[in-house]
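Okay, so here's the structure we're looking at.
What follows is calculated from the coordinates using simple rules that are stated; it is not laboratory data. Note that the structure is a prediction, hence the values are computed from the model and not measured. With ideal geometry, Cβ positions are generated from the backbone for all residues, glycine too; neighbour counts draw on all protein chains shown.
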Amino acid sequence: MVKIMDRIKQLRRTALLCSSFVRNYAYYKAGWDDGASMAKEDFWITVQSNFLDVAALEWTKLFGNSREAHHWKKVVADYDSFKNDMIKSCDLTDDDFSDCHKMIKEYRNKFVAHLDSDKVMKIPMFNNALKLTQYYYDYVLTELPTVDREGFPLNIVRYYEECFKESTKYFGLNK
């Protein structure tokens, strides 16, 4: 019985991380208008930057280091099949997956977790990270018993859109 409860706890916490990544990334993206940040004052610049940093942190818990408790390789049963299905479903290649992983992990390591000596920050593109997280979240949700899904978005894509829309109300005030 303990193993089942541990598994449910692991799945719920993984779903929380996926949701947190999606929410923070949506909030970050909503602060941009045609390639330009709408954050013009220090407060809003900091808020927008923090959304990006939290998104990077949450994503690397899910995909960055296989020693993490909620890394996809520790959650899925057959991670080779899962990875192949995920990449195919997300219309990515192995190189796309590797590049996404490398860029986000490098950003997290060099500018969020530590401040290395690099003079130029390379903000990673999170489009593929979003697709990968959506796929992972859907997998996790199907693994959770229905009773344990309470409080989680049933549709993570719609959740992203709702968070994006919510955030535009605040960034819109900053135009």
(request) Could you pull out the trypsin sites (Lys or Arg not before Pro) across segment 67-108 that fall in loop regions by DSSP (anything but H, G, I, E, B) with no more than 15 other Cβ atoms inside 10 Å? (result) Arg67
(request) Would you kindly derive the ³J(HN,Hα) couplings of segment 93-103 from the backbone phi angles with the Karplus curve 6.51 cos²θ - 1.76 cosθ + 1.60 (θ = phi - 60°), listing them in order in whole Hz, with x for Gly and Pro? (result) 10, 4, 5, 4, 4, 4, 5, 4, 4, 5, 5
(request) Treating the angle as unsigned and between 0 and 90°, give the value, to the nearest 10°, between the Cα long axis of helix 2-30 and the longest Cα principal axis of the chain. (result) 20 degrees
(request) Output the peptides 51-62, 9-20 sorted from most to least packed, where packing is the average of other Cβ atoms within 10 Å over each peptide's residues. (result) 51-62, 9-20
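May I ask you to compute the full-extension gain from Asp138 to Glu166, defined as 0.36 nm times their residue separation minus their alpha-carbon distance, rounded to one decimal in nm?
On the way: separation 28, 0.36 × 28 = 10.08 nm, distance 2.26 nm.
Additional length available on full extension: 7.8 nm.
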(request) Mind listing the long-range amide H neighbours of Trp32? Cut-off is under 5 Å, sequence gap 5 or more, other chains count too, H placed in the peptide plane at 1.01 Å from N. (result) Met38
(message) Set the bar at 30 Å for Cα to Cα. Now go through Lys105/Lys165; Lys29/Lys73; Lys3/Lys165; Lys74/Lys131; Lys119/Lys165 and name every pair that lies beyond it.
(response) Lys3/Lys165; Lys119/Lys165
(request) Give the angle, between 0 and 90 degrees and rounded to the nearest 10, that separates the Cα long axis of helix 79-89 from the longest principal axis of the Cα atoms of the chain. (result) 50 degrees
